[in-house]
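Reading through the structure tokens given below for one structure.
The values are calculated or read from the model by the stated rules, or taken from the named source; none is laboratory data. Worth saying up front: this structure is predicted, and the values here are computed from it rather than measured. Note that we place each Cβ from the backbone using ideal geometry, even for glycine, and neighbour counts take in every protein chain shown.
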Amino acid sequence: MTDTLVHRMFRKSIPADALTTADTPSGDPATQVHLRRSITTFQLTMIGVGGTIGTGIFFILSEAVPEAGPAVIGSFLLAAIVAGLTVLCYAELASTIPSSGSSYSYSYATLGEAVAFVVGACLVLEYGVSAAAVAVGWSEYLNLLLEGTIGWHFPDALSLAPDSGGVINLPAMILVALCVLLLLRGASESARANAIMVIIKISVLVLFITVGLTGFQADHFSQFAPFGFAGVSIATGSIFFSFIGLDAIATAGEEVHNPKKSIPIALMASLAVVTVVYLLVAFVAVGAQPWGEFEGQKAGLATILENITGSSWPGLLLAAGAVISIFSVTLICLYGQTRILFAMGRDGLIPPVFARIDRRTQTPMTNTIIVGVVVAVLAGVVPLGILADLTSIGTLVAFSLVSVGVIVLRRTAPDLPRGFKVPGYPVTPVLSVLACAYVISGLGSVTLIAFVIWAGAALVFYFSWSIKHSVLETLAAGPPLDLTDRMPPQEKS
């Protein structure tokens, strides 16, 4: 009995995008058709940039600079290296198993069903909860922009959650609704809109860099590392989470043209763009303002420009950039969440309604609406608190298991066609795991306990429902399936 249970827990799946109608108990074609490949490599790169450059760069300096001083530049670089190690592992698995499930699907194919389900639960934290948190931040910037342009803003009762003295955060809920409507139109339409927003927000940050250089003073770097490497390390933990949006690229595995080549290119290009923008913004910000003035500073980038120019227009411009930036991040978070739930629903681990797609747009319409409603409620009325921190640990656990998956798949399926291979194997994936573990070790004990409770709840659902409804459960009586046998024709090489 125990052996049978263990076998069911660690059974491995075929790539999710190879499933067909015949593989499901229901036989309902509406739940098992494929998503449309309509996203270009450029649009995919913009998904990564759009999901990464968001609220973080607009406020992270006020938290990270007091921890590291001018050496915060080294913190950004160290965070980029950690993210880069993980990106290399993502690139190999994404080019091998192009699926909407991202690290969930990779874990399912390499580490087994129970592990994959926990990873899926981690990704719910990464995308669903973070989308709600980001939407709340959008409300603040929107009010700042409205007040500065038309002299009106949403009253506190309609723009703050109950824990902050309001009744409901209406702007945050409106943002989620707008993103859902855009996603329902189709993946390519959402990708095009996101690409436009990414270009706009990068332009705003380039303007900050250009204007900020006019107030640059080299002596601001004279006391470069006042807290030594310990300070750099602490700041890295804060900054790392400004890179987590790169995972969203992998969730488009079934909707991008030629994923074996496009996904690795988009991952590398996104990381390069994000790293360069972050380093330049940090360098210019510290050069334009003494590092001791960052602590507790709100709308820091806008304040720096206002001090340099003596005018209020930079604040409005940065607010406009933040409004566009956060819209883009929320859109990508919701997109990633729906695609991961789609993959899990198609595998039978959550109710099949999440895998039902619209025949016209070939998008998971019902799934998107459900996610939108839940995220809107979270953003509108629920205090997020510890859930925001859970976003970080959920992401890091998923990142770690992706790196482990690279090692496992190299050993179990060495001949599987790979569009990209991790350089420096096996050192690179091992370093990735160690780096993620190092960042996790810096998180608070409350966050770690809450995560254990969340993972435990996920396993309760898995053992009580998912393990019985898994697609692999219905195939257990048939002959064993080889991973390569289930690859769709266009993905074989």
Test: residue 84 is under 27 Å from residue 122 (Cα atoms), of a type outside the set (Lys, Arg) and modelled with pLDDT under 85: no
Counted residues, the range 26-58 - those being part of a helix (DSSP H, G or I) and at pLDDT 70 or above: 14
Here's a check for you: in the range 257-283, which residue that is aliphatic (A, V, I, L, M) and under 16 Å from residue 92 (Cα atoms) is modelled with the lowest pLDDT? 263
Residues in the range 323-349 that are crowded, with 24+ Cβ neighbours inside 10 Å and either of a type in the set (D, E, K, R) or over 24 Å from residue 134 (Cβ atoms) (or both) total 5
Give the range 65-95 a look and list any residue that's out of contact with any Gly (no Cβ under 7 Å at 6 or more places or on another chain), buried (at least 24 other Cβ atoms within 10 Å of the Cβ) and closer than 14 Å to residue 264 by Cβ, or say none. 86, 87, 88, 89, 90, 91, 92
Taking residue 3 as meeting all but one of (1) more than 24 Å from residue 357 (Cα to Cα); (2) at pLDDT 85 or above; (3) in a helix (DSSP H, G or I), write down the number of the exception. (2)
Farther than 18 Å from residue 372 by Cα, out of contact with any Gly (no Cβ under 8 Å at 6 or more places or on another chain) and free of Cβ contacts under 8 Å to residues at least 60 places away in the same chain: does that describe residue 230? yes
Condition first: buried (at least 19 other Cβ atoms within 10 Å of the Cβ), hydrophobic (A, V, I, L, M, F, W, C) and either in contact with an Asp or Glu (Cβ under 8 Å, 6 or more places away or on another chain) or within 16 Å of residue 321 (Cβ to Cβ) (or both). Now tell me which residues in the range 141-161 satisfy that. 142, 144, 145
Conditions (1) within 30 Å of residue 472 (Cβ to Cβ); (2) surrounded by fewer than 24 Cβ atoms within 10 Å (Cβ to Cβ); (3) in contact with an Asp or Glu (Cβ under 9 Å, 6 or more places away or on another chain): number failed by residue 62: (1)
Among the residues of the range 110-123, are any free of Cβ contacts under 8 Å to residues at least 12 places away in the same chain, outside any helix (DSSP H, G or I), out of contact with any strand residue (DSSP E or B) (no Cβ under 6 Å at 6 or more places or on another chain) and on the phi > 0 side of the Ramachandran plot? no
Within the set of pairs 6+ apart or on separate chains, which have a first residue in the range 129-158 that is more than 22 Å from residue 374 (Cα to Cα), a second that is of a type in the set (Phe, Trp, Tyr) and outside any helix (DSSP H, G or I), and C-beta atoms under 6 Å apart? 143/154; 146/152
Within the set of pairs 6+ apart or on separate chains, which have a first residue in the range 4-19 that is charged (D, E, K, R), a second that is modelled with pLDDT under 85 and not in a helix (DSSP H, G or I), and C-beta atoms under 6 Å apart? 17/99; 17/254
Quick check: anything in the range 262-276 more than 26 Å from the chain's Cα centre (by Cα) and either farther than 19 Å from residue 207 by Cα or surrounded by fewer than 23 Cβ atoms within 10 Å (Cβ to Cβ) (or both)? no
Selection from the range 232-256 of residues that are among the β-branched types (Val, Ile, Thr), modelled with pLDDT of 80 or more and more than 18 Å from residue 189 (Cα to Cα): 232, 234, 236
Please determine, by comparing only the residues of the range 410-444 that are of a type in the set (Lys, Arg) and assigned to a helix (DSSP H, G or I), which one is surrounded by the most Cβ atoms within 10 Å (Cβ to Cβ). 410
Filtered residues of the range 139-176 (kept if modelled with pLDDT of 80 or more, in a helix (DSSP H, G or I) and of a type in the set (A, V, I, L, M, F, W, C)): 142, 145, 146, 150, 157, 158, 170, 172, 173, 174, 175, 176
